[in-house]
Amino acid sequence: MKQSKYFLLSCLILLLTACGGGDDSSGTEHADHDPIDDNSVPESSSSTAPKKLIANAFSGTSIGLSWLSTGENVTIYRDNQKIAETTSNYYVDENLNVNTNYQYSVTSGDVKNTHETAKVVGKTLVNASNLGMSNGAGSDILNDLLINFPACQITDEQQTASDVADSDLDACLHEMLSFNNMAIQLEDMRAFAARVRREQSPEKVELGMRLFHNKSLSAKGDTACSSCHHPAIGCGSDQLSMPIGLNASVPDLLGVGRTDVVNSIPIVPRNSPAICNTSLWSQGLFWDNRVTVKEGGLTTEFQDVTNNTLDTVGDNHTLTLLMAQAHFPVTAAPEMGDIVDFGYDALDQTQHTEYRENELVSQLDPESWSELFTDAFGDDSIHFSRIAESLAAYESVQLFIDNPFFDYVDGDLNAIDNDVKRGAITFMSSRAGCTFCHSGALFSNEDVSAGNYPQIGIGTDADGADRGAEGPLPSTDLSLSPNTVGFFRTPSLLNVALTGPWGHNGQFGSLKRNIEHYRDNAASITQYFESESMCKLAQFKTLANCTETLAPNGLAHSMDIFNGNESFINEINDDEVEFMVEFLKSLTDPKARNVQSNAIQALIPSRDGGPDGHQLEAIDVNGNTL
């Protein structure tokens, strides 16, 4: 029983910090697979073909198409047969066959003219009766020793995935996948994602995209939601250990190279979670699950936020969690602005509400925004509940759940190589114990647990608890026992190779180092500070007096947390670590990795300044547009 608890914690930490092979100097680790496009015709400046064409399953019998709006008439073909004409920028094709590929051509003129026609392939779900109410997260602990899987042909329980013969790998992995109900969980997750997509109004998504990338929702007009969560960076994160919200030296510069002109280290205490796939979460958001939906309904820090969300979308709506979450960054002093600067009391939750309605709403000029709000809601009234709902709608469609490993689960035995297969076998065995936390097709149980991570940055106080700029954050208040310090939500591992640095403070710069952390937490923490690993992270390589500034008492703080929680040691060897790295890379959606894919580009607004001229026109450290 003790061993199971060790593995549970091991799994959580892997989830929280998962990174790629190598040292801690990298901010991102990419999957070793060739990029795959959207099966669409490459766009060029001379082309008149509809741009950013994408296709997604809406159900077992329908596929949704969307493209960049031009207001011009376009014709839609399915498998070379004309099916519709429209001046809109989306179309839902219905009454299709289940589990079937369809090729679509959308043309502004002659379908035979490649300069006027865009093409894409869409596939319906495998089941027309799955209503998509289960998100594929695993709640049951399903793992066992390799010796208990006959197909693996293991006779010594100490043997590992390295000892499975090449000829037995597929049979072994198939048996483990069946034991883990992976195919069923994957079908559920895909149906869940399809339901999320089909429930969103394209007009609300468009409004949400414009708001998400607009600096008018920040106190100083210098920060947007996309400052820390841009779709073209790390699946909607920022590739920084800890984000830079306000006071950026170059507000439109995102990712590595973004710096704070006021503070020597970031004052946002936690790593920016990736936005992609956030709509798959059904229980909670934020690192500490402080916005939750459970049996008692929606719970947030502020009753005003809870009430506003429930009044707008209710308890069990697709957008409930995301809408509630959208209320908080805009009033977080380090992230998008301090309400105190406007004369409001930060300790009074009702004044946060007043700030949103009185200040932020007033910064959206009705003349500039009324058309978008009318399209989305039927009239031009602007209030924060509409802003939050639209932001949630936009975030909800950022779904990237296709990857080589899932292709293998679907039956393509050549989708992954033998090292990846051995990594999957290691991952699902009780020897590593990862599926105690990273279970199901979502690779998360959605729960919180102790992480035992090295503590760095402003998020650490003398007691080892996470603190923000204004005092303790709710991670110290969660109703868990016996100790809630250092407890965080188990992240999904989908696209994890893109979302580094990893950990609630972005402590690790590689997946390999993160996996190694679970071999022995105490030794890992000690080694982290002895080698000053935090100063090798891309964000802090040039930080003066790095150790003293970033983690003056980091080892002591970290060990305080470690000693207050259960420790663990797993038994994976060097080869198993390498296999696990390769397996985690295989969970990368090629469209998420390829920032030029139509799926990513469709989430980025046209560089036209936005409705009011305050759009964040993102660039990287080299001045390239994102």
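Scanning region 45-74 for residues being closer than 16 Å to H115 by Cα, open to solvent by less than 20 Å² (accessible area, probe 1.4 Å) and among the β-branched types (V, I, T) gives a total of 1.
Every condition in (1) part of a loop (DSSP other than H, G, I, E, B); (2) without any contact (Cβ under 8 Å) to a residue 40 or more places away in the chain; (3) aliphatic (A, V, I, L, M) holds for A151 except the one numbered (1).
The set of residues in region 276-287 that are under 17 Å from P243 (Cα atoms) and surrounded by fewer than 24 Cβ atoms within 10 Å (Cβ to Cβ) contains only F286.
Go through the residues of region 418-429 one by one and say whether even a single one is open to solvent by 30 Å² or more (accessible area, probe 1.4 Å) and either in a helix (DSSP H, G or I) or in contact with a helix residue (DSSP H, G or I) (Cβ under 6 Å, 6 or more places away or on another chain) (or both). Steps first, please.
To start, the set of residues in region 418-429 that are open to solvent by 30 Å² or more (accessible area, probe 1.4 Å) comprises 418-419.
After this cut, where a residue has to be either in a helix (DSSP H, G or I) or in contact with a helix residue (DSSP H, G or I) (Cβ under 6 Å, 6 or more places away or on another chain) (or both) as well, the list is 418-419.
For region 418-429, residues open to solvent by 30 Å² or more (accessible area, probe 1.4 Å) and either in a helix (DSSP H, G or I) or in contact with a helix residue (DSSP H, G or I) (Cβ under 6 Å, 6 or more places away or on another chain) (or both): present.
Across region 588-626, which residue is nearest to T223 (Cα to Cα) among those that are touching a strand residue (DSSP E or B) at 6+ places or on another chain (Cβ under 9 Å) and of a type in the set (A, V, I, L, M)? Looking at the filtered set, the residue picked out is L616.
Might you check whether a residue that is under 19 Å from P491 (Cα atoms), modelled with pLDDT of 95 or more, within 21 Å of the chain's Cα centre (by Cα) and not in a helix (DSSP H, G or I) occurs anywhere in region 380-395? Scanning region 380-395 turns up no residue that is under 19 Å from P491 (Cα atoms), modelled with pLDDT of 95 or more, within 21 Å of the chain's Cα centre (by Cα) and not in a helix (DSSP H, G or I).
In region 168-185, the qualifying residues are those that are assigned to a helix (DSSP H, G or I) and touching a strand residue (DSSP E or B) at 6+ places or on another chain (Cβ under 9 Å), and the one that is surrounded by the fewest Cβ atoms within 10 Å (Cβ to Cβ) is F179. For the criterion of being closer than 27 Å to A432 by Cβ and of a type in the set (G, A, S), A538 fails. So, in region 237-255, of the ones that are surrounded by 19 or more Cβ atoms within 10 Å (Cβ to Cβ) and out of contact with any Asp or Glu (no Cβ under 8 Å at 6 or more places or on another chain), which residue ends up farthest from A332 (Cα to Cα)? Step by step, filter region 237-255, then rank; the result is Q239. Residues being among the hydroxyl-bearing types (S, T, Y), modelled with pLDDT of 95 or more, farther than 28 Å from D447 by Cβ and not in a helix (DSSP H, G or I) are represented in region 126-134 by at least one member. Residue selection: A324 satisfies the criterion of being assigned to a helix (DSSP H, G or I) and crowded, with 24+ Cβ neighbours inside 10 Å. Exactly one residue among E357, E295, E301 is of a type in the set (D, E) and modelled with pLDDT of 95 or more, and that residue is E357.
Give the residues of region 570-585 that are charged (D, E, K, R) and either open to solvent by 50 Å² or more (accessible area, probe 1.4 Å) or without any contact (Cβ under 8 Å) to a residue 40 or more places away in the chain (or both), sorted by residue number. Those that are charged (D, E, K, R) and either open to solvent by 50 Å² or more (accessible area, probe 1.4 Å) or without any contact (Cβ under 8 Å) to a residue 40 or more places away in the chain (or both): E571, D574, D575, E578.
Whenever a residue of region 521-533 is closer than 16 Å to G503 by Cα, its partners that are of a type in the set (D, E, K, R), lying with C-beta atoms within less than 9 angstrom and at least six residues away or across chains, give the pairs S524/R513; S524/E516; Y528/D24; Y528/R513; S533/D23; S533/D24; S533/R513. Tell me yes or no: at least one residue of region 196-206 is aliphatic (A, V, I, L, M), modelled with pLDDT of 95 or more and either assigned to a helix (DSSP H, G or I) or at positive phi (or both). For region 196-206, residues aliphatic (A, V, I, L, M), modelled with pLDDT of 95 or more and either assigned to a helix (DSSP H, G or I) or at positive phi (or both): present.
Residues in region 51-74 that are more than 14 Å from L603 (Cα to Cα), assigned to a loop (DSSP other than H, G, I, E, B) and touching a helix residue (DSSP H, G or I) at 6+ places or on another chain (Cβ under 9 Å): F58, S59, G60, S62.
Examine region 125-139 for a residue that is touching a Pro at 6+ places or on another chain (Cβ under 6 Å) and of a type in the set (A, V, I, L, M), and state whether such a residue exists.
no
Would you confirm whether any residue within region 290-305 is under 13 Å from S492 (Cα atoms), assigned to a loop (DSSP other than H, G, I, E, B), touching a residue at least 60 places away in the same chain (Cβ under 8 Å) and not small (G, A, S)? Checking region 290-305: not a single residue is under 13 Å from S492 (Cα atoms), assigned to a loop (DSSP other than H, G, I, E, B), touching a residue at least 60 places away in the same chain (Cβ under 8 Å) and not small (G, A, S). Considering (1) more than 24 Å from R270 (Cα to Cα); (2) without any contact (Cβ under 8 Å) to a residue 24 or more places away in the chain; (3) not in a helix (DSSP H, G or I), the lone condition that T318 does not fulfil carries the number (2). Residues in region 85-118 that are outside any loop (DSSP other than H, G, I, E, B), open to solvent by 40 Å² or more (accessible area, probe 1.4 Å) and of a type in the set (V, I, T): V92 alone. Looking across A599, A592, one residue alone is open to solvent by less than 10 Å² (accessible area, probe 1.4 Å), in contact (Cβ under 8 Å) with a residue 40 or more places away in the chain and assigned to a helix (DSSP H, G or I). It is A592.
So which residues in region 511-569 are under 18 Å from M242 (Cβ atoms), open to solvent by 50 Å² or more (accessible area, probe 1.4 Å) and not in a helix (DSSP H, G or I), if there are any at all? Once the filter is applied, which keeps residues that are under 18 Å from M242 (Cβ atoms), open to solvent by 50 Å² or more (accessible area, probe 1.4 Å) and not in a helix (DSSP H, G or I), region 511-569 yields E532, K541, T542, A544, N545, P552, N553.
The values are calculated or read from the model by the stated rules, or taken from the named source; none is laboratory data. The model shown is predicted, which means the values in this text are computed figures rather than measured ones. Neighbour counts run over all protein chains shown; Cβ positions are idealised from the backbone, glycine included. Only protein heavy atoms, including side chains, enter the accessible area calculation; ligands, DNA and RNA are left aside. Shrake-Rupley method; radii C 1.70, N 1.55, O 1.52, S 1.80 Å.
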